[in-house]
Amino acid sequence: MAAKLKKGDTVVILTGKDKGKQGEITSVAPKAGKAVVDGLNMAIRHTKQSAASQGGRIAKAMPIDLSNLALLDANGKATRVGFRMEGDKKVRYAKTTGEAI
């Protein structure tokens, strides 16, 4: 099945502590059904100092379930994603506006 949300998409969070905030997807794990949104759902990770990096408390963006994310359309509103054929290509489109993504 094709992915409705992909890396680089701008999304809004629908539930949780960051509800209503917007960000860009930095990575997607389709098998786990999760995505990491840049700067959102942050958690503190304690890391040990090594030769490569400084130790301490480091803020890290944690994965969010794909069902808790919605794509932003051209109007800046949350929308669902659909698929349709344009010629011989399968394209994603915003269900609110109907335009291709």
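Every residue, every condition in (1) surrounded by 12 or more Cβ atoms within 10 Å (Cβ to Cβ); (2) farther than 15 Å from Ala78 by Cβ; (3) without any contact (Cβ under 8 Å) to a residue 60 or more places away in the chain; (4) in contact with an Asp or Glu (Cβ under 9 Å, 6 or more places away or on another chain), yes or no:
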position: Val11; (1), (2), (3), (4): yes, no, no, yes
position: Leu14; (1), (2), (3), (4): yes, no, no, no
position: Arg45; (1), (2), (3), (4): no, yes, yes, no
position: Ser50; (1), (2), (3), (4): no, yes, yes, no
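Scan (1) touching a residue at least 40 places away in the same chain (Cβ under 8 Å); (2) more than 20 Å from Lys19 (Cα to Cα) for the single condition Lys89 breaks and write down its number.
With respect to (1) touching a residue at least 40 places away in the same chain (Cβ under 8 Å); (2) more than 20 Å from Lys19 (Cα to Cα), Lys89 is out only on (1).
Kindly evaluate Lys60 against the criterion of being loosely packed, with under 10 Cβ neighbours inside 10 Å and either at pLDDT 95 or above or charged (D, E, K, R) (or both).
Answer is no for this residue.
The values are calculated or read from the model by the stated rules, or taken from the named source; none is laboratory data. Predicted model, so just to flag it, every value in this text is computed and none were measured. We place every Cβ from the backbone using ideal geometry, glycine too, and count neighbours over all the protein chains shown.
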